[in-house]
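Report on the structure given below.
The values are calculated or read from the model by the stated rules, or taken from the named source; none is laboratory data. For clarity, every value in this text was computed on a predicted model and none was experimentally measured. Backbone-built Cβ (ideal geometry, glycine too); neighbour counts: all protein chains shown.
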There are 2 protein chains.
Amino acid sequence: MAAMDIADHLHGHRKSLTRARTEIWRILTQSEKPLSPKEIHRRLTVHKVDPATVYRNLRALKDVGLVREIDLRETFKRYEAILPGRHVHHIMCQVCGRIEKVRHCVVQDMADAIQKESGFTLEDHYLECFGICPNCQGI
Amino acid sequence: MAAMDIADHLHGHRKSLTRARTEIWRILTQSEKPLSPKEIHRRLTVHKVDPATVYRNLRALKDVGLVREIDLRETFKRYEAILPGRHVHHIMCQVCGRIEKVRHCVVQDMADAIQKESGFTLEDHYLECFGICPNCQGI
DNA sequence: CAAGACTTGCAAACGATTTGCATTTTTGCT
DNA sequence: AGCAAAAATGCAAATCGTTTGCAAGTCTTG
């Protein structure tokens, strides 16, 4: 998604593409893994951006559907850019904390079963995995 | 799991089955849905149990594998008893917040794909669903 | 270019959870 | 049972991530 698109996306919600937002978006799209607000703040090159601004912008980006909030059982949330055509989950190593993407996802296959079982429609889900990475196996 | 078993379970970890723990366990096993520390505290009938004690005990029960911590994108965590032979996820209504169990789970089917993709073993996962419950559909 | 809408920095507030410490309860042994 | 050691508890204070009020700054749109 180009910078142009995110501007449109934001404008559609009466939100503007500010310097801080542009940077946060760049940082998120360039990252291999979901980042914490603190990590994002640390990587900002624009001067004097307040942590509160990072939080506010993450929420704004989340509200317009550009960013996803991820919980990996840590004391904070992580955030990642939602890139079109990708449905991504993650797996975190229980030993070293390394995080990798999981592109295979079978959750949608559960929709029918859920519908039958509880009558709920399945609109969204949250799937994060924990395991042991190659480096940590057999230690 | 009977009270006897949980005592054994705890003793195996040098932990005792105290009055507060017994009650918390009872509350959790009797609940239809995962509860927040605050809800658990509110349901305690033993006198003068401090919130800190609830937190400490939830952690203790989690550490020995009796309780699972659940994140439903709220401002707090929820906890539920891990009953043998049950692998349960949840679906929360995006409209009214109602929570139901989801017993069908296909995540283990992903283990092979994950192994091939990233080399990780899949030890545990975290799957919570969001949708719309029958009552809220068509509103 | 002006008026209103949206953003920001800063400091203070918040809410959930954790911790230090002195006291009480439970355990393990005799 | 009786007791010393270990673990748990209440209470208050502290932490930590995150949110909010407010005044000042920046954008947008006509």
| Would a scan of the stretch B:46-62 turn up a residue that is more than 9 Å from chain A (Cβ to nearest Cβ) and away from DNA strand D (no atom under 15 Å from the Cβ)? | no
| remark: All conditions in (1) under 24 Å from B:Arg78 (Cβ atoms); (2) within 11 Å of chain B (Cβ to nearest Cβ); (3) surrounded by 15 or more Cβ atoms within 10 Å (Cβ to Cβ) are true of A:Glu123 except (3)
| query | Do you know which of the residues in the stretch B:32-57 that are without any contact (Cβ under 8 Å) to a residue 40 or more places away in the chain and within 7 Å of DNA strand C (Cβ to nearest atom) is nearest to B:Glu100 (Cα to Cα)? | reply | B:Lys38
| query | Which number in (1) under 30 Å from A:Gln137 (Cα atoms); (2) free of Cβ contacts under 8 Å to residues at least 24 places away in the same chain marks the one condition that B:Leu61 misses? | reply | (2)
| Looking at (1) at pLDDT 90 or above; (2) farther than 22 Å from A:His104 by Cβ; (3) surrounded by fewer than 16 Cβ atoms within 10 Å (Cβ to Cβ), which is the one condition that is false for B:Cys96? | (1)
| Which residue out of A:Arg19, A:Arg103, A:Arg78 is among the basic types (Lys, Arg) and crowded, with 18+ Cβ neighbours inside 10 Å? | A:Arg78
| task | Run B:His89 past the list (1) touching a Cys at 6+ places or on another chain (Cβ under 8 Å); (2) at pLDDT below 90 and report the number of the one that doesn't hold. | result | (2)
| task | Taking only the stretch A:76-86 into account, find how many residues are within 12 Å of DNA strand C (Cβ to nearest atom) and modelled with pLDDT under 95. | result | 0
| note | Flagged pairs (Cβ under 9 angstrom, 6 or more apart or on separate chains; first in the stretch A:71-83, more than 12 Å from chain B (Cβ to nearest Cβ) and farther than 13 Å from A:Glu39 by Cβ; second aliphatic (A, V, I, L, M) and in a loop (DSSP other than H, G, I, E, B)) are A:Ala81/A:Met1; A:Ala81/A:Leu66; A:Ile82/A:Met1; A:Ile82/A:Leu66; A:Ile82/A:Val88; A:Leu83/A:Met1
| field | Pairs where the first residue, in the stretch A:95-116, is touching a residue at least 12 places away in the same chain (Cβ under 8 Å) and the second is surrounded by fewer than 17 Cβ atoms within 10 Å (Cβ to Cβ) and basic (Lys, Arg), C-beta under 6 Å, 6+ apart | value | A:Ile99/A:Lys33
| remark: Across the stretch B:1-31, the tally of residues that are within 12 Å of DNA strand C (Cβ to nearest atom), of a type in the set (S, T, N, Q) and in a loop (DSSP other than H, G, I, E, B) stands at 2
